[in-house]
Amino acid sequence: MQELHLFEYAVIRVVPKVEREEFLNVGIILYCAKQKFLKSVFHLNEARLSAFACETETDFIWHNLLAIEKICEGKAGSGPIGQLDMASRFRWLTATRSTVVQASKVHPGFCVDAQETLEKLHQQLVL
């Protein structure tokens with residue numbers, strides 16, 4: 001039997017008008033400590049977003065999504081947050097905030113393969 005590993009994930013949402021509390025799921029962040037895995041995946045359907053909130057600037061949203069990706073990977077240019085350990089980066093990225101790009105509450109689960117689980121969640125919750 002394959003070993004199951006605890007993972008945590010959050011859905012990344014675009015909330016064009018925070019006061020209306022309407023959102024569009026655009027990505028997933030998944031963290032699995034045992035597999036030393038912290039990764040995000042995004043899909044921004046610009047046509048759907050435009051129908052949802054036509055005045056939203058997609059360049060601004062892409063800038064924020066790419067910043068999340070850089071921080072997850074700890075890439076150069078990801079600033080001081082990107083230099084933290086994986087768990088701290090995940091907690092920082094999923095902290096509650098009232099902005100246009102935000103994360104859902106964190107949800108736990110068990111997986112065998114974190115990458116496969118990330119792709120499955122992306123398919124189910126975003127696409």
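Return only the number of the condition from (1) more than 13 Å from the chain's Cα centre (by Cα); (2) farther than 19 Å from VAL112 by Cβ that GLY27 does not satisfy.
(1)
Among the residues of the range 44-58, is there at least one that is modelled with pLDDT of 95 or more and among the β-branched types (Val, Ile, Thr)?
The answer is no, given that none of the residues of the range 44-58 is modelled with pLDDT of 95 or more and among the β-branched types (Val, Ile, Thr).
Provide a single number: the residues in the range 54-86 that are of a type in the set (A, V, I, L, M), without any contact (Cβ under 8 Å) to a residue 40 or more places away in the chain and in contact with a strand residue (DSSP E or B) (Cβ under 8 Å, 6 or more places away or on another chain).
So the count comes out to 0.
So, in the range 55-98, how many residues would count as being polar (S, T, N, Q) and under 21 Å from LEU30 (Cβ atoms)?
Of the residues in the range 55-98, 6 are polar (S, T, N, Q) and under 21 Å from LEU30 (Cβ atoms).
Output the strands (runs of 3 or more DSSP E) that fall wholly within the range 1-112 and possess 3 or more residues being buried (at least 17 other Cβ atoms within 10 Å of the Cβ) and of a type outside the set (Asp, Glu), or say none.
Those strands (runs of 3 or more DSSP E) span 5-14, 24-32, 37-42, 101-103.
The values are calculated or read from the model by the stated rules, or taken from the named source; none is laboratory data. These numbers were taken from a predicted model, which means no experiment stands behind them. Heads up, the Cβs are rebuilt from the backbone with ideal geometry, glycines too, and the neighbour counts pull from every protein chain shown.
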